[in-house]
Structure formats: C-alpha cells, structure tokens
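Below: one structure, written as structure tokens.
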Amino acid sequence: MKVHEEDVRIPGAGHEIRAKVLIPDGGGNRPAVLLYSDIFQLTESTLRTCRRLAAAGLVVCVPEIYPRGELAGVALEFDDAGKQAGLAGAASMTTAEFDEDRASALDYLAGRDDVTTLHAAGFCLGGHLAFRAAFDERVASTVCFYPTGLHNGSLGADTADSLSRAADVGGDLMIIFGSRDPHVPAGARVQILSALYEAGKEDLELHVYAGGEHAFMRDVGPRYDPALTDLGLAEAISFFGGRSLR
C-alpha cells in the first residue's frame, strides 16, 4: 500500500511540535499510532519504519521529541556528535514537559476526522515515552520497543515516576526487548516485569528476542537485524489490529 506524508505543526504549550503524519492511500477512517523516535528524532531511518507501519493500514504520527530548544526541527546524525546532542536534548526536558507534549500530540490525533482509535509506540527513549503515553485513557494499546530508563526512571532532567505508575496503564501493553541490550539487561527486564505484575498488569505481552542488540530495529549500523525487525513490526501491527488482550 502506498503512503501519503504530511508535515504538520502541533500546537503545544507556548511552542509548536513539528511532526510527520503518514497516511495510507485509499481514504477511510483508521487506527492512529503516536510513534516516538529514539534520541536522534525524525531521521530517515525512523521514517522508513513509520512508512511500513502506515502501509499496514495505520495513520502514524511521529513528532519531534525536543521541540523547545535548539534541537527543534533537527534530525541528528548517527554518530558520536549526534548521540551526545540527543542525550543533551533529553537532559534538557523534564518529565512534565514530555507529558505535556504527549497530551498535545494525542489531542491532535484525536481531533483528526480520519482517526478511529489511538495507540502508541516508541523506540529506545521513545519506548519509555510510549509507556507514559499509555497512562492516557484514550490510548487503547501500546508497543514499547526496547524502552530505556524505564527500570530506573532515567528519562530527562529529573527522575521519571514511570514504573511506579504501572497501574495507570489503562490499555493493552506489549514490550519488545533484545537479549543483548546493555541498556536494558536481564536484571532491568526482570525489574520492569515484576513491577508490572505487582501493579496487576499480568496480561501484558512480553518478547525478548534472542541475539537482539540495543536499537536492533534501526536500519543503519552494525546492530541492525532485519529478521528481528520484521518480526517486531509484524507483532506490533497484529497487536494494533486487534490481537491484543481485550
């Protein structure tokens, strides 16, 4: 299926949030996914993944995650300088600011005439942001791809309360990890799962892909695993399409 792309500006609290919206050809009303990138923002690598999700029949909105400062509108390079800039961008944002921008993005999607239900997804730091998006009662299901900082509250300028709020996840939840991810090692994965179970979220769907490194779905660099990427996207598309637990 072909995909149409739009550049949009989402009104924030005193600022604009640049975003790409990817829409399947053919018209009609469809489920929408608020998708968070990794720290490098709206790179072509992230957009290629978004196109695949949109081609499966989803309206995909991918906003920048640093809309307030000097990184607004910037897609970073996958090099040391880009990594450091992305980490600095995260450190400049408070959890409250991330949450504020998420509410703005969901408000935008909820107001579109072509959207039926709202869902969320994200990669790396974006996976953590997607987890927080699941606190919004409008979000029917969420897929977190190797979310970083979820186990210890590392997100931005302050310590996020994400895992302690696991009971606030109202919709269906899927988390996908790579077994060789140094940012979310086995102990961190156990901590996340235990907190979710203790919060009563026993029906979540968990995948740990053997051999998967951190950012194994980023199709640039030596950690990219095409087979695991295809598997992860197929799982997410199926989950968003109704194979979730409710």
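The values are calculated or read from the model by the stated rules, or taken from the named source; none is laboratory data. Predicted model, so just to flag it, every value in this text is computed and none were measured. Virtual Cβ from ideal backbone geometry, glycine too; neighbours counted across all protein chains shown.
Quick notes
- Residue count for the stretch 77-107 satisfying the condition of being farther than 20 Å from Glu44 by Cβ and either outside any helix (DSSP H, G or I) or of a type outside the set (A, V, I, L, M) (or both): 13.
- Residues that are in a helix (DSSP H, G or I), touching a Leu at 6+ places or on another chain (Cβ under 9 Å) and either of a type outside the set (S, T, N, Q) or at positive phi (or both), drawn from the stretch 1-58: Leu47, Cys50, Arg51, Arg52, Leu53, Ala54, Ala55
- Residue within the stretch 132-144 that is free of Cβ contacts under 8 Å to residues at least 12 places away in the same chain and farther than 22 Å from Ile237 by Cβ present: no
- Residue in the stretch 66-84 that is among the β-branched types (Val, Ile, Thr) and more than 28 Å from Thr159 (Cβ to Cβ) present: no
- Criterion: modelled with pLDDT under 95 and within 22 Å of Arg48 (Cα to Cα) - qualifying residue of Gly241, Gly212, Gly232: Gly241
- Restricting the stretch 119-138 to residues that are touching a Phe, Trp or Tyr at 6+ places or on another chain (Cβ under 9 Å) and aliphatic (A, V, I, L, M), the residue that is nearest to Thr49 (Cα to Cα): Ala121
- Gly212 vs. criteria outside any loop (DSSP other than H, G, I, E, B) and more than 17 Å from the chain's Cα centre (by Cα): yes
- In summary, Asp113 fulfils each of the numbered conditions (1) among the acidic types (Asp, Glu); (2) more than 29 Å from Pro185 (Cα to Cα); (3) assigned to a helix (DSSP H, G or I) with the single exception of condition (3).
- Flag for Pro24 being buried (at least 16 other Cβ atoms within 10 Å of the Cβ), in contact (Cβ under 8 Å) with a residue 12 or more places away in the chain and more than 19 Å from the chain's Cα centre (by Cα): yes
- Across the stretch 51-99, the number of residues qualifying as over 20 Å from Val220 (Cβ atoms) and exposed (fewer than 15 other Cβ atoms within 10 Å of the Cβ) comes to 7.
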